[in-house]
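The structure under discussion appears below in the form of structure tokens.
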Amino acid sequence: EQQVQQSPASLVLQEGENAELQCSFSIFTNQVQWFYQRPGGRLVSLLYNPSGTKQSGRLTSTTVIKERRSSLHISSSQITDSGTYLCAMEPGGYKVVFGSGTRLLVSP
Amino acid sequence: EAAVTQSPRSKVAVTGGKVTLSCHQTNNHDYMYWYRQDTGHGLRLIHYSYVADSTEKGDIPDGYKASRPSQENFSLILELASLSQTAVYFCASRSNQDTQYFGPGTRLLVL
């Protein structure tokens, strides 16, 4: 069974601090995605990152295929960044498999 | 912006009853997916489809059926709802080599 492991499970930051979220895969994949979800809300795509480094605003995703891992860096966190961050990978055959997420709380 | 809608947005069902969750996308995407999310957990893939009139089993298909009558519509069917199927269900669509676009979710409570 293809698996996606995310760490940490939860993270508490003060506003302005940086965050580093990790994702590892049980198989080699070259299709990695990061999503954001507010409590009870729909998932929203943050970064679609096949390999290397990709940036969008304060978010930077780095994927190293040969090491089967990806990371999401959030710089200068804001209260509105609070929510759950999910990593997903494609093992092939059109499937998309998700990790259990990192719950981020940013306090004033 | 890709548009994926789900209906109903919430539902209360009785154990043993039949439940149908519907998903509609207007983006001409080939691939559609059904996931369930339980409190404190990520998304688990139930069924998916890459072409109309064809569905594939995901990681947790037991107790669920899927139907893809057209490119735009993808339904999830619980023939005999059980307490363990209480969850939030998300539908998603995507085109090849692109990210997924998610619907708002359906909250299902089975009593």
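The values are calculated or read from the model by the stated rules, or taken from the named source; none is laboratory data. A quick note: this is a predicted structure, and the numbers were derived from the prediction, not measured. With ideal geometry, Cβ positions are generated from the backbone for all residues, glycine too; neighbour counts draw on all protein chains shown. In case anyone asks, the SASA skips ligands and DNA or RNA and just uses the protein heavy atoms, side chains included. Shrake-Rupley method; radii C 1.70, N 1.55, O 1.52, S 1.80 Å.
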| field | Hits in the stretch B:88-106 (condition: at positive phi and open to solvent by less than 10 Å² (accessible area, probe 1.4 Å)) | value | B:105
| Just one of the numbered conditions (1) among the polar types (S, T, N, Q); (2) touching a Lys or Arg at 6+ places or on another chain (Cβ under 7 Å); (3) under 23 Å from residue B:59 (Cβ atoms) is not true of residue A:70; which one? | (2)
| request: Kindly indicate whether any position in the stretch B:2-22 is more than 11 Å from chain A (Cβ to nearest Cβ), under 28 Å from residue A:31 (Cα atoms) and not hydroxyl-bearing (Ser, Thr, Tyr). | output: yes
| remark: Flagged pairs (Cβ under 8 angstrom, 6 or more apart or on separate chains; first in the stretch B:88-102, without any contact (Cβ under 8 Å) to a residue 12 or more places away in the chain and over 14 Å from residue B:48 (Cα atoms); second outside any loop (DSSP other than H, G, I, E, B) and open to solvent by 10 Å² or more (accessible area, probe 1.4 Å)) are B:98/A:48; B:99/A:45; B:99/A:48
| task | Just give me the residues in the stretch B:37-80 being within 14 Å of chain A (Cβ to nearest Cβ), assigned to a strand (DSSP E or B) and within 19 Å of residue B:16 (Cα to Cα), in sequence order. | result | B:66
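Give me a count of the residues in the stretch B:81-103 that are in a loop (DSSP other than H, G, I, E, B), modelled with pLDDT of 95 or more and at the interface with another protein chain (Cβ under 8 Å from one of its Cβ atoms). I'd like the intermediate steps shown before the answer.
So the first thing to find is which residues in the stretch B:81-103 are in a loop (DSSP other than H, G, I, E, B), and the list is B:81-82, B:86, B:95-100, B:103.
If we keep only those that are modelled with pLDDT of 95 or more as well, we get B:81-82, B:86, B:103.
Those left that are additionally at the interface with another protein chain (Cβ under 8 Å from one of its Cβ atoms): B:103.
Count: 1.
Residue check: is residue A:85 among the hydroxyl-bearing types (Ser, Thr, Tyr), on the phi > 0 side of the Ramachandran plot and within 14 Å of chain B (Cβ to nearest Cβ)? First the steps, then the outcome.
Values: among the hydroxyl-bearing types (Ser, Thr, Tyr): yes; on the phi > 0 side of the Ramachandran plot: no; within 14 Å of chain B (Cβ to nearest Cβ): yes.
Judged against the criteria, residue A:85 is not a match.
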| said: Consider the stretch B:32-54. How many of its residues are open to solvent by less than 60 Å² (accessible area, probe 1.4 Å) and under 12 Å from the mean Cα position of the chain (by Cα)? | reply: 12
| task | Could you grab me the full set of residues in the stretch B:3-29 that are of a type outside the set (Ser, Thr, Tyr), touching a Lys or Arg at 6+ places or on another chain (Cβ under 8 Å) and open to solvent by 20 Å² or more (accessible area, probe 1.4 Å)? | result | B:9, B:11
